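First comes the structure, then the notes that go with it.
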Amino acid sequence: MHSSRVFQRLTERSDSISPTSSCPSTPPSSKTWSEPPQIDFCVMKNEHREKVFELVLDTFFRDEPLNHCLAFDLPTEPIEFAELVITIALEDQCSFVAIDVQTQKIIGVILNIIKSRSQNSDRFHVNNFQSEKLRFILNILQYAHGTIDLFEQMNTDRLLHIVIIAIDAHYRGLRLTEKLIHASLERAKTELHLHGAFSEATSLYSAKAFRKQGFQVYNEIIYIKYDAIRLANLAGEHDRCQLLAKQL
């Protein structure tokens, strides 16, 4: 999916940009806007694909606590996962981008997919990915579900799965995460006729954003209890992964 030109830009950034607060795993920026930008929220389309790909690799895979702790080789290592999520999200037509009206720049994205109880194969199975670090994270997310069957809990055969939220660092503090979640839930309920949504929140701030939208905690795991050696640096505020869900 990614062109050599996009890959080159991302490689150059990974060498030159220092980590900044740019995804829901980091607290809102203290930046104040003299006049907040006008922002449009629209369903993600194929025309947004390249810029979404760049934003996700530039922010989510750089700053999200698990990704940061395991030190992904950026930009190469998470590419296979990012490409797959974006591809399925486009197929399911339930993801949103936030666009600065003045600059027409994509400043935020929420990547959602539809999970079905009757799916014969899981395209996100851990064995489908080459990266050992990625497989390690996917096992953590799977472990967070425990024995909970969300389809049974919500009495439905289809659920919205919120996989990734990424926000441009310069637009923190505008509640974009909450607004992207809200837009996704509205479309899932009114247009896609889904009856539930869930996500694995891997940080304190992403969990707070979901709870503000009415999500409840169904299960959680403490990182250092899962692996006290590899996840030893996650003993602070981002110390757990929570399975959150909401009936629609």
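The values are calculated or read from the model by the stated rules, or taken from the named source; none is laboratory data. Keep in mind the model is a prediction, meaning the values are calculated, not measured. Please note: Cβ atoms are built from the backbone with ideal geometry, for glycine as well, and neighbour counts cover all protein chains shown. To get the accessible areas, we keep the full protein, side chains included, count just its heavy atoms, and leave off ligands, DNA and RNA. Shrake-Rupley method; radii C 1.70, N 1.55, O 1.52, S 1.80 Å.
Could you tell me whether the stretch 218-228 includes any residue that is open to solvent by less than 40 Å² (accessible area, probe 1.4 Å), farther than 18 Å from Ile164 by Cβ and of a type in the set (Phe, Trp, Tyr)?
Yes, some residue in the stretch 218-228 is open to solvent by less than 40 Å² (accessible area, probe 1.4 Å), farther than 18 Å from Ile164 by Cβ and of a type in the set (Phe, Trp, Tyr).
In the stretch 125-139, what residues are under 20 Å from the mean Cα position of the chain (by Cα) and in a helix (DSSP H, G or I)?
Residues satisfying the conditions are Val126, Asn128, Glu132, Lys133, Leu134, Arg135, Phe136, Ile137, Leu138, Asn139.
With respect to Asp157, determine if the residue is more than 18 Å from the chain's Cα centre (by Cα) and in contact (Cβ under 8 Å) with a residue 12 or more places away in the chain.
Here the answer is yes, as Asp157 does meet what is asked.
Before we move on, is Ser184 modelled with pLDDT of 95 or more and buried (at least 21 other Cβ atoms within 10 Å of the Cβ)?
yes
Report, by residue number, each residue of the stretch 96-146 that is touching a His at 6+ places or on another chain (Cβ under 8 Å) and farther than 23 Å from Gln242 by Cα.
Val97, Ile106, Ile107
Filtering the stretch 68-87 down to residues that are in a helix (DSSP H, G or I) and open to solvent by less than 10 Å² (accessible area, probe 1.4 Å), which residue is farthest from Arg158 (Cα to Cα)?
Among those residues, the one meeting the criterion is Ala82.
Only one of (1) in a helix (DSSP H, G or I); (2) surrounded by fewer than 23 Cβ atoms within 10 Å (Cβ to Cβ); (3) free of Cβ contacts under 8 Å to residues at least 60 places away in the same chain is not met by Leu57, so which one is it?
The single condition Leu57 does not satisfy is (2).
So that you can scan it fast, the table gives a plain yes or no per residue for (1) farther than 30 Å from Thr103 by Cβ; (2) open to solvent by less than 10 Å² (accessible area, probe 1.4 Å); (3) among the hydroxyl-bearing types (Ser, Thr, Tyr); (4) modelled with pLDDT of 95 or more:
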position	(1), (2), (3), (4)
Arg158	yes, no, no, yes
Ile162	no, yes, no, yes
Lys189	yes, no, no, yes
His195	yes, no, no, yes
Arg211	yes, no, no, yes
Glu237	yes, no, no, no
Gln242	yes, no, no, yes
Leu248	yes, no, no, yes
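Considering only residues that are crowded, with 16+ Cβ neighbours inside 10 Å, modelled with pLDDT of 50 or more and of a type outside the set (Val, Ile, Thr), look in the stretch 11-27 and name the one that is nearest to Ile181 (Cα to Cα).
Pro24
Got at least one residue in the stretch 28-37 being crowded, with 16+ Cβ neighbours inside 10 Å, among the hydroxyl-bearing types (Ser, Thr, Tyr) and at pLDDT below 90?
yes
Can you run down the residue pairs with Cβ atoms below 6 Å, 6 or more apart or on separate chains, where the first is in the stretch 78-101 and more than 21 Å from Ile39 (Cα to Cα) and touching a residue at least 12 places away in the same chain (Cβ under 8 Å) and the partner is of a type in the set (Phe, Trp, Tyr) and in a loop (DSSP other than H, G, I, E, B)?
Qualifying pairs under 6 Å: Pro78/Phe72; Glu80/Phe129.
I'm told Gln102 meets every condition in (1) open to solvent by 20 Å² or more (accessible area, probe 1.4 Å); (2) touching a Pro at 6+ places or on another chain (Cβ under 7 Å); (3) assigned to a helix (DSSP H, G or I) except one. Can you identify the failing condition by its number?
(3) is the only condition that Gln102 fails.
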